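Structure first, then comments.
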Amino acid sequence: MRALVVDDSRAMRSLLRQILVKLGVTDVIEAEDGVVAVKLVEGGPTPDLALVDWHMPVMNGLDLVVELRKRKEWRHMAIMMVTTESEHENMVRALLAGANEYLIKPFTADAVVEKLSLLGLHLEPAQVGETDGGAS
Amino acid sequence: MTTATAEDFEYLQRFIFERSAIVLAEEKQYLVDTRLLPVVQRTGVDSVADLVKALRRGDRSIETAVVDAMTTNETSWFRDAAPFEALRRLIFPDVIAQNAMRRRMSIWSAACSTGQELYSIAMLLDAEFPELGSWKLDLLGTDLSTSVVERARSGRFSSLEINRGLPASHLVKYFTREGAHFVIADQLRSKTKFELFNLARPWPPMADHDIILMRNVLIYFDIPTKQRVLEAARAHLRPGGFLMLGTAETTRGLVDGFTAVPAGGTTVYRREEA
């Protein structure tokens with residue numbers, strides 16, 4: 001399984017990578033904004049999962065979701081917003097744009113596992129402990 | 001049952017940090033009650049304050065029990081897929097058919113903690129059983145601790161709590177944001193009632209239920225208490241009604257009058273006809 005982590009915070013990317021690796025996802029690619037993310041996805045192979053922050057310079061998370069949903073060959077990609085943005089209206093906008101799930105920062109590793117399971121990605125959480133998702 | 005004082009909380013905060021490196025924030029004081037009252041019952045002391053006294057004395061078995069209880073994570077929404085599958089596929093359709101004339105359904109979450117189980121049921125009924133729109137739904141949640149019951153009643157959840165297994169579609173449909181919290185919609189909250197209740201003590205008179213959820217509670221009780229609680233649960237279920245227990249719990253070998261029914265990857269217990 002291939003996962004794309006898009007967040008302008010290096011610390012947050014690293015934390016999400018760490019959680020994914022513990023769940024057995026070893027093919028993790030990272031982007032610091034939407035533009036870099038689109039280039040990475042175009043470079044293939046298409047990720048099965050994208051974890052997308054909202055507030056980023058250059059191209060924000062919402063615009064990235066719109067871009068990712070334009071291409072038919074990327075439709076199978078599960079997209080989860082991982083963000084501090086929790087205004088009701090904006091959450092609805094992200095879901096309407098094509099995001100499949102929504103995780104609000106801060107979060108715990110267990111919350112990631114449960115959300116991925118809602119996306120049909122039942123990953124083995126055996127190694128995931130009390131990791132705190134941080135508040136960035 | 002007395003609850004923890006601020007001083008008890010400070011002691012526990014330090015104790016948990018030394019043992020598990022987990023920092024309990026001040027606003028998590030309610031967790032002390034949620035998590036420790038079952039330990040109080042199981043270990044036979046009188047209160048959380050006595051539990052703290054035992055910790056100060058260095059009672060090893062109580063230390064382990066407290067660390068275990070305090071380091072468990074937040075309650076999840078739709079916790080464990082199997083029981084909710086059982087409700088969706090077998091139990092709700094069955095009760096709807098049984099009660100078609102009365103147009104009423106009564107559900108009791110008997111160890112409701114901060115309310116996620118009962119609110120999850122309310123969301124499931126609203127989202128997937130629209131035919132119940134005109135029914136009278138009695139959704140009761142009870143717990144041991146006053147502070148926990150009050151939190152359940154408030155329907156307010158932090159983002160840490162809201163993240164735990166709640167589908168985004170339900171988050172936007174059934175919650176509004178108020179500052180740092182998410183509040184459950186009035187349309188659902190108005191169908192629920194939360195009350196204080198100690199399962200291990202004699203039960204006060206109450207109406208019968210179609211479904212009782214009593215998950216991961218019996219594990220805290222000794223065998224005579226388990227038997228007493230299960231007998232009382234049977235007496236408060238309508239014939240043909242369902243009891244749902246935790247994965248590690250069963251009625252088998254403890255009480256008669258239930259039929260084990262496999263459903264949704266778990267086992268539920270149906271009250272036999274009188």
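The values are calculated or read from the model by the stated rules, or taken from the named source; none is laboratory data. In this text the structure is predicted, and so the values were computed from the model without any measurement. Virtual Cβ from ideal backbone geometry, glycine too; neighbours counted across all protein chains shown.
Laid out as a table, the results:
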item	result
Qualifying residue in region B:155-164 (condition: among the hydroxyl-bearing types (Ser, Thr, Tyr) and in contact with a Lys or Arg (Cβ under 9 Å, 6 or more places away or on another chain))	yes
Residues satisfying the stated conditions in region B:139-175, i.e. in a helix (DSSP H, G or I) and within 14 Å of chain A (Cβ to nearest Cβ)	B:SER159, B:LEU160, B:GLU161, B:ILE162, B:ALA168, B:SER169, B:HIS170, B:LEU171, B:VAL172, B:LYS173, B:TYR174
Meets criteria (more than 14 Å from chain A (Cβ to nearest Cβ), outside any loop (DSSP other than H, G, I, E, B) and farther than 30 Å from B:ILE96 by Cβ) for B:ARG228	yes
Which listed residue, of A:VAL36, A:VAL58, is away from every other protein chain (no Cβ under 12 Å), free of Cβ contacts under 8 Å to residues at least 60 places away in the same chain and part of a loop (DSSP other than H, G, I, E, B)	A:VAL58
Subset tally (residues that are surrounded by fewer than 17 Cβ atoms within 10 Å (Cβ to Cβ), aliphatic (A, V, I, L, M) and touching a residue at least 40 places away in the same chain (Cβ under 8 Å)) for region B:168-199	1
Residue tally, condition more than 16 Å from B:MET105 (Cα to Cα), crowded, with 18+ Cβ neighbours inside 10 Å and among the aliphatic types (A, V, I, L, M), over region B:201-238	6
Residues satisfying the stated conditions in region A:95-121, i.e. among the hydrophobic types (A, V, I, L, M, F, W, C) and facing chain B (nearest Cβ under 8 Å)	A:LEU95, A:ALA99, A:LEU103, A:ILE104, A:PHE107, A:ALA111, A:LEU118
Some residue of region B:185-206 being of a type in the set (Gly, Ala, Ser) and within 14 Å of chain A (Cβ to nearest Cβ)	yes
Contacts under 9 angstrom Cβ, first residue in region A:73-94 being more than 8 Å from every other protein chain (Cβ to nearest Cβ) and without any contact (Cβ under 8 Å) to a residue 40 or more places away in the chain, partner in a helix (DSSP H, G or I) and among the basic types (Lys, Arg), 6 or more apart	A:MET80/A:LYS115
So B:THR259, is it under 24 Å from B:GLY115 (Cα atoms) and either of a type outside the set (A, V, I, L, M, F, W, C) or assigned to a strand (DSSP E or B) (or both)	no
Single residue of region B:140-161 satisfying the filter (polar (S, T, N, Q) and at pLDDT below 90) that is nearest to B:VAL217 (Cα to Cα)	B:SER145
Subset of region B:176-217 [part of a loop (DSSP other than H, G, I, E, B) and touching a Leu at 6+ places or on another chain (Cβ under 7 Å)]	B:LYS191, B:ASN198, B:ASP208, B:ARG215, B:VAL217
Residue match in region B:118-136 (condition: in contact with a strand residue (DSSP E or B) (Cβ under 9 Å, 6 or more places away or on another chain), under 18 Å from B:HIS209 (Cα atoms) and not in a helix (DSSP H, G or I))	yes
A:GLU73 modelled with pLDDT under 95, in a helix (DSSP H, G or I) and more than 11 Å from the chain's Cα centre (by Cα)	yes
Residues satisfying the stated conditions in region A:61-72, i.e. in contact (Cβ under 8 Å) with a residue 12 or more places away in the chain and charged (D, E, K, R)	A:ASP63, A:GLU67, A:ARG69
Conditions (1) out of contact with any Gly (no Cβ under 6 Å at 6 or more places or on another chain); (2) within 14 Å of B:GLY115 (Cβ to Cβ): number failed by B:ARG201	(2)
Filter result for A:VAL35 (among the β-branched types (Val, Ile, Thr) and closer than 19 Å to A:PRO106 by Cα)	no
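Yes or no, residue by residue, for (1) modelled with pLDDT of 90 or more; (2) touching a His at 6+ places or on another chain (Cβ under 6 Å); (3) among the β-branched types (Val, Ile, Thr):
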| site | (1), (2), (3) |
| --- | --- |
| B:ALA4 | no, no, no |
| B:GLN13 | no, no, no |
| B:ALA21 | no, no, no |
| B:VAL39 | no, no, yes |
| B:VAL48 | no, no, yes |
| B:ILE62 | no, no, yes |
| B:ARG104 | yes, no, no |
| B:ILE107 | yes, no, yes |
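Here's the yes/no breakdown for (1) touching a helix residue (DSSP H, G or I) at 6+ places or on another chain (Cβ under 7 Å); (2) basic (Lys, Arg); (3) surrounded by fewer than 19 Cβ atoms within 10 Å (Cβ to Cβ); (4) at pLDDT 80 or above:
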site	(1), (2), (3), (4)
B:ASP8	yes, no, no, yes
B:LEU24	yes, no, no, no
B:THR43	yes, no, yes, yes
B:ARG57	no, yes, yes, yes
